[in-house]
Amino acid sequence: QPSMITAYGRGLNHLGVHNNESGKYKQAEASYLKVLALYEGSDHKDRIASITHNLAGNYICMKETLKAIEYEEQALAMHIELYGDDNSNLGKARIMRNLGTCYIDLEQYEKSKAYLTCSLSSYKDFYGQDANHVDIAIALKKLSVAHLYLSELEEAKETCSQAMNMYLSIDPQHPGISDLKTYHDALFADDTPSAHTYVLKRVQNLCTLL
């Protein structure tokens, strides 16, 4: 029955999220693929879009960047179909941020900057233009990296500073601050080779990129 299928699908999705957070990426992949097969051809387009996004994020953790892009683009197309041009959609913001991260990994920095700029705009429309939120800070951090690799040093510094100030205003003990401070200090010492080297090391593990 439809209600049983929906409950089973939710359970599979929760299992996928749990396995992803536990670092069990192959098990998470299997759960997400099962639930997508379960919902195939159904009217649950919002759930399908969300699970497709979860699967893409799991592929980022598995360092399968091209697969991640493939599924994020599918999720984005579904979001546009469902919500049109609504820029304040949180799901859209997250998808754009992941795509921006992926294109950093592929060294396509203009594409990365474009997606991350859109992500930042959507987050601000959702939370408020003057809001302080971790999602906005993360988007700023990643946008700074894209600027850095495009040799846009002043823009990289500006967005990095905005991210640092936002983290500090949210929680001075936030776990994201330590990594950001290392990157921030390298940028503001005009030591761009050091900043580049630092970011390259972080890109090797996209789950913890900045």
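For Ser22 and Phe188, FRET efficiency with R0 = 45 Å and r from the beta-carbon atoms, rounded to 0.05? For Phe188 and Ser22, the calculated efficiency is 0.75. If the cut-off is 12 Å between C-alpha atoms, which aspartates and glutamates fall inside it for Lys63, apart from same-chain ones fewer than 8 positions away? Answer for Lys63, where 12 Å is the Cα cut-off: Asp105, listed by chain and number.
Under a crude label model (7 Å from the Cα following the beta-carbon direction), how far is Asp85 from Glu154 in nanometres? Each label point lies 7 Å from its Cα, and together they span 3.2 nm. In the chain, the DSSP-assigned H stretches of four residues or longer account for a calculated mean residue ellipticity at 222 nm of -26000 deg cm²/dmol, using -39500 (n - 2.57) per stretch and the full residue count as denominator. Here r is the Cβ-Cβ distance between Leu168 and Thr6 and R0 is 35 Å; the resulting FRET efficiency, rounded to 0.05, is 0.25. Counting only protein heavy atoms, what percent of the accessible surface of segment 1-122 is carbon or sulfur at a 1.4 Å probe? C and S atoms contribute 52 percent here. Take the chain with all the other protein chains still there, run a 1.4 Å probe, and you get 49 Å² of accessible area per residue. Taking 28 Å as the limit for the C-alpha separation, the pairs Lys26/Lys142; Lys45/Lys141; Lys67/Lys157 exceed it in the case of Lys45/Lys141; Lys67/Lys157. Farthest toward the dipole's positive end in the chain, which of Tyr32, Met164, Tyr149, given Cβ charges of +1 (Lys, Arg) and -1 (Asp, Glu) about the Cα centre? Working it through, the farthest residue towards the positive pole turns out to be Tyr32. Among the GluC sites (Glu not before Pro) within segment 1-77, those in coil by DSSP and having at most 10 neighbouring Cβ atoms inside 10 Å are Glu40.
The values are calculated or read from the model by the stated rules, or taken from the named source; none is laboratory data. A quick note: this is a predicted structure, and the numbers were derived from the prediction, not measured. Here the Cβ is made from the backbone with ideal geometry for all residues, glycine too, and neighbour counts use every protein chain on show. To get the accessible areas, we keep the full protein, side chains included, count just its heavy atoms, and leave off ligands, DNA and RNA. Shrake-Rupley method; radii C 1.70, N 1.55, O 1.52, S 1.80 Å.
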